[in-house]
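S.K.: Structure incoming, see below.
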Amino acid sequence: MNNNIYIQKAQIFKALSNPVRLEIIDFLADGEKCVCEIVENLNYEQPHISKSLIKLKEVGLIKDRKEGSNVYYSLKICCVGEFFNCLNKILKECID
């Protein structure tokens, strides 16, 4: 396999190694959200959310679209949401 693929994979996992970014991915797993919804529901300051969204977009995990003055984000790699749902289920079982 091409070495560049491993570099890209490492960049994705590096982007996911931040708790705020993980929360954003979890939050987007059930569909597209406006930045205002993300900020409101995750209880982090808007600049922190914005930096995290930029990082996730840079590695290709999420995409955005602008509608008027609002920016909406969604998962670009849908299987990430499925993976997180599976991981959440396993982790909840281990905690209980």
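Each reported figure results from applying straightforward, stated rules to the coordinates on display, with no laboratory input. This one's a predicted model, so the numbers in the text were calculated from it and none came from an experiment. Neighbour counts are summed over all protein chains in view; Cβ atoms, including those assigned to glycine, are modelled from backbone coordinates with ideal geometry.
S.K.: Only helical DSSP H runs with n ≥ 4 go in: add -39500 (n - 2.57) per run for the chain, normalise by residue count and round the 222 nm mean residue ellipticity to 500 deg cm²/dmol.
M.R.: -20000 deg cm²/dmol
S.K.: Now, a different point. In terms of Cα to Cα distance under 19 Å, which lysines are near enough to residue 51, apart from those fewer than 8 places away along the same chain?
M.R.: Within the straight-line limit of under 19 Å, residue 51 reaches these lysines: 14, 33, 63, 66, 76.
S.K.: Ranked by Cβ crowding within 10 angstrom, fewest neighbours first, how are 30, 96 ordered?
M.R.: Lowest to highest Cβ neighbour count: 96, 30.
S.K.: Oh, and also: For the stretch 4-76, which GluC sites (Glu not before Pro) pass both filters: DSSP loop (anything but H, G, I, E, B) and at most 15 other C-beta atoms within 10 Å? Please report the intermediate quantities before stating the final value.
M.R.: On the way: sites: 23, 32, 37, 40, 45, 58, 67; in loops: 32, 45.
For GluC sites (Glu not before Pro) across the stretch 4-76 that sit outside H, G, I, E and B with at most 15 neighbouring Cβ atoms in 10 Å, the list reads 32, 45.
S.K.: From largest to smallest, what semi-axes in whole angstrom does the chain give when each is the square root of 5 times an eigenvalue of its alpha carbon gyration tensor?
M.R.: That gives 22, 19, 12 Å for the three semi-axes.
S.K.: Hey, another quick one. How far is the Cα center of the stretch 74-96 from the Cα center of the stretch 52-71, in Å?
M.R.: Value for the Cα centre distance between the two parts: 21 Å.
S.K.: For each of 94, 34, count neighbouring Cβ atoms within 10 Å of the residue's Cβ, then give the residues from fewest to most.
M.R.: In order of increasing Cβ crowding within 10 Å: 94, 34.
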